[in-house]
Every structure is written in structure tokens, then in C-alpha cells.
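Please treat every number below as a calculation from the coordinates, not as lab data. Model, not experiment: these values are computed from the prediction. Quick reminder, even Gly has a Cβ in these numbers, built from the backbone with ideal geometry, and neighbours come from all protein chains shown.
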């Protein structure tokens, strides 16, 4: 069988893209770990893709779903709780660290399956991390992720100070361009800025 030169060249680009994506995701996960490490006493609780299904289990046929379900770090949330907090229920006064990843602000979620060729030009989009501290202020325990986080009002501007009665919470968030977090020192400085602002806004002591 003859080889299609154009397709062969395109597949070489695909292989390069996968290797670049591999390196990007490794660096992104290391950055997330570094951020969490700046909050003494917290530990990983869970994570979830923002707009797509998690990668399919081996008993599920991924061909029945969107191709983007195999790219969960296009947009994802990582949740961290303090040691001793119940893994599911938020008590009054407790708080959660959330690290939100948006690898490409230009992607769209629509039905039928989106066509990336129609997204905004990549050069006009951004890759960002949003950091949040979500503090439960209610007397009735609610679930962290599907009681507080998924019902929180999403800010349009940053820094963001959020106060809600139902569910009862206070939250503070800041957004960072990943292009500004190229070194460990830059990440640590950004987290220090976030911690100081969040501590003042939420009246929390992150050293305790």
C-alpha cells in the first residue's frame, strides 16, 4: 500500500503534539503538587474534569463518548482538605483548597461534539490556574464537591470574594496565567500572594 505523504507528515505532527502534551501535563501536575505543598496540613481529596466525563473505565467503550473525554486536563478541578476533615461533608468553619486548571480558554462545550477547528485561535486564548479557598459557614453539614463547590457562583473578575447564603459559604479566588508560573520561585511567590489575600478576606490562619 502506498503512503499518503500529507497524512504521514500530519501524523508526525500528532506524535510531536502528544509528546508536548505529555511534558506539559507532567509539569502541570508538578505545579499543582507544589501549590498544595504550600498549605500545611492539607491532603489530596479528589479531582474531576470540569466539562467532560473522566476517562472511561476498561469496561466502557471510549468510542461511544467524545474524544475530549480522553483529555481531562483541558479543564479540571483538584480538591484538597485539611487532615482530619471528613472526606465528603463540610462542617462550619472548615475550608477546602481548590486548584482549577484551564489549559485552553478557547475550548467550547456544545452538542453535538465540538469541533476544535472552530475554536478561537490558540494565540488569542490563555492557559490559567485559578486558586480558591472555600470556607463552609453553615451549621448543617453539606458535601464539599456536590454541595458547596458545584453550586458556587463563578466569578467574572479576579481577585474574587464570594459570599453565599445557600449553600452557606465564603470563598476567595485568584487567577494566574500559567505563562507567569515558569519557575518554582514564581509559583511559590504567587501562592504566597494568594494565601495572604485569602487569609485576610476569609479570616483564616493558614499556619495553624
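When shorter helices are ignored and each DSSP H run of at least 4 residues is given -39500 (n - 2.57), the per-residue value for the chain at 222 nm works out to -9000 deg cm²/dmol. From the list [x] 35, 20, 16; [y] 29, 25, 17; [z] 32, 20, 14, can you say which value of semi-axes √(5λ) of the Cα gyration tensor in Å was derived from the structure given? Calculated semi-axes √(5λ) of the Cα gyration tensor in Å: the matching label is [x]. Comparing mean-square fluctuations of 81, 20, 28 from a GNM of the chain with C-alpha springs under 10 Å, the top value falls on 20. The C-alpha atoms of the chain define a longest principal axis, and helix 184-202 lies at about 40 degrees to it.
Result for the chain in a Gaussian network model with C-alpha springs under 10 Å: among 132, 24, 107, the largest mean-square fluctuation is at 24.
For region 1-124, the spread of Cα coordinates along the three principal axes comes to 65, 32, 29 Å, biggest extent given first.
Taking a ≥ b ≥ c as the square roots of the eigenvalues of the Cα gyration tensor, region 100-208 is oblate, since a/c reaches 1.5 or more and a/b is not larger than b/c. Gain on full extension, evaluated as 0.36 nm per residue between residue 10 and residue 113 minus their Cα-Cα distance, stands at 34.8 nm. Take the Cα of residue 165, step 7 Å toward its Cβ, do the same at residue 59, and the gap between the two points is 4.6 nm.
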